[in-house]
Amino acid sequence: MTKILIIYTGGTIGMVNDPLTKSLIPFDFGQIQQNVPELARLNYDLEVHSFDPILDSSNMDPTAWVELARIIENRYEDFDGFVILHGSDTMAFTASALSFMLENLSKPVVLTGSQLPIGEIRTDAKENLITALEIAATRKHHAAMVPEVCIYFDYRLFRGNRSIKYNSEKFEAFQSPNYPILAEAGVYLSFFKNYIQHQPKEPFKVHYQLDPNIGVLKLYPGISKNAVDAITESAVAAIVLETFGSGNTTTAEWFTESLQGAINRGKIIVDISQCQGGSVQLGKYETSKRLEEMGVLSGYDMTFEATIAKLMFLLGKGMSREEIVSCMERSLRGEMSV
Ligand code: ASP
C-alpha cells in the first residue's frame, strides 16, 4: 500500500473561529480528519505528524523549514511521498526553501492548504488535500511521477520555487508566471511530464544551513538617498534589488555610488524585476548597463520568494563571492530559466 506522511504545520485549512477574539486561530489535526471522512476511503497508508505549536504561516521561518527538512530526512525511506499542510500566505517561501534544502529528491513533497477552513461548507480544503495526496501517491514505472517540491492549489500543480501567492481571496490563490504548471486536476489527473524534474541520479542529500541576513530594496520613482543608504550601508550580507521592467533602475549618480559602495564592502546584490512575468536582462537598456558593469547579479526570471530562499541557502553554505556568483548564474533546482 502507498505510504504517505502528512505533515501538518497549520494554516487556514485547520483553523476555527475563536469565540473570544472572533479571529481565525490554528486548530489540531483532529479538526481536519473529522471533516474529511473520505481520507479513510483512500487506499493509502497515511501517517500524520503535527507541528507543535501549529502555526499561522506568517510565523514560518528558517527554524521551521529546518524542522520540516529534518522530518522528511528522518522518514524518507518509510514513505512514498510527503504532503505538507501549510498556510497559503508564505507557502511559496517554504516551498522555495525546501527545494534548495532537499537535493536530489526522488519522492514528491506536495504543499497544500486552503482559503477557507475545512469546517466551512464551501471550503476548498477537501479537494486540495485529497488531490495533493493523490499526486503524492502517483507513480510511473515504479518511480514517483513528481519527484520535486511543489504546490497543489485549486486544481493546479506548480513547481514550488516558481510559484507566488497572488490572490488573498480567490480559491485560485497561486500562479507560476514564468513556468508552466506541472499537472492539472479535472476528470483526470493530467501530468505534464516535459516540465517535471527527472528522477535524480545522485543520492538524496539535505542541507540545513540557512543564513537569513538579507535586505530588500524595492525601487520606486523618487526613492530617496536616505532610504537606499539605509539598506546599502546596513550589515546585511546580500540585497535583493526589486527593479523596474527588465531590471532597470534610476541612473542617478548617488544611487549607483551607493550600490557600488555596498558591492565594494562585499555585499551580494541580486536584481529581480517588480514585474511578475518575464526576466531581468541586464544591459538591455542603458538604465541597467551600469548595474551589470559594477557587479550587480541578475536574478533572471526568479520569483522574489525563490531569490530570498536561494540567497539564504548560498549564504548559509559560507560560499565566497565567486561561488555565489556562479550559483546565481545557473539554475540549481529549476528555479530560473537561463
Ligand atoms: N493566514 C493563513 C496562513 O497563511 C492564510 C492561509 O492559510 O491561507 O497561515
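The values are calculated or read from the model by the stated rules, or taken from the named source; none is laboratory data. Remember, it's a predicted structure, so these values are computed and weren't measured experimentally. Ideal geometry is used to build each Cβ from the backbone, glycine not excepted, and the neighbour counts take in all protein chains shown. These accessible areas exclude ligands, DNA and RNA; they are computed on the full protein's heavy atoms, side chains included. Shrake-Rupley method; radii C 1.70, N 1.55, O 1.52, S 1.80 Å.
Listed values, structure above:
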item	result
Eligible aspartates and glutamates near Lys225 by straight Cα distance, threshold 15 Å, same-chain separation 8 or greater	Glu233, Glu253, Glu257
With 5 Å bins from 0: P(r) over segment 207-264, alpha-carbon pairs, percent	4, 17, 29, 25, 13, 6, 4, 2, 0
Positive dipole terminus of the chain, leading residue within Gln197, Thr90, Ile130 (C-beta point charges)	Gln197
Distance from segment 288-338 to segment 47-99 (C-alpha centre basis), Å	24 Å
Per residue accessible area in Å² of segment 169-263, where ligands, DNA and RNA are left out and the probe is 1.4 Å	54 Å²
Those lysines that a straight Cα-Cα span of less than 30 Å connects to Lys107, excepting residues fewer than 8 apart in one chain	Lys3, Lys126, Lys140, Lys165, Lys170, Lys193, Lys201, Lys205, Lys310, Lys317
From the C-alpha gyration tensor of segment 107-206, square roots of 5λ in Å	24, 15, 12
Cα centroid of segment 131-155 to Cα centroid of segment 159-173, whole Å	18 Å
Candidate residues Lys310, Lys140: accessible-area rank, largest first, probe 1.4 Å	Lys140, Lys310
Calculated P(r) tail over 39 Å for the chain, as whole % of Cα pairs	17 percent
Fraction in percent of alpha-carbon pairs per bin - 5 Å, segment 204-338	2, 11, 22, 25, 21, 12, 5, 2, 1, 0
Full-extension gain in nm, Glu233 to Ser190, via 0.36 nm per residue minus C-alpha separation	10.5 nm
Overall Cα dimensions of segment 159-198 - principal axes, largest extent first, Å	31, 25, 12
Surface share of carbon and sulfur [accessible, 1.4 angstrom probe, percent] for segment 183-265	52 percent
With every protein chain in place, segment 1-130: carbon and sulfur % of accessible area (1.4 Å)	48 percent
Spin-label model distance (nm) - Ile223 vs Arg41, 7 Å beyond Cα toward Cβ	5.3 nm
Helix-only [θ]222 nm of the chain, DSSP H runs n ≥ 4, -39500 (n - 2.57) each, per residue, nearest 500	-8500 deg cm²/dmol
Cα-projected label distance for His198 with Lys289, points at 7 Å along beta-carbon direction, nm	4.1 nm
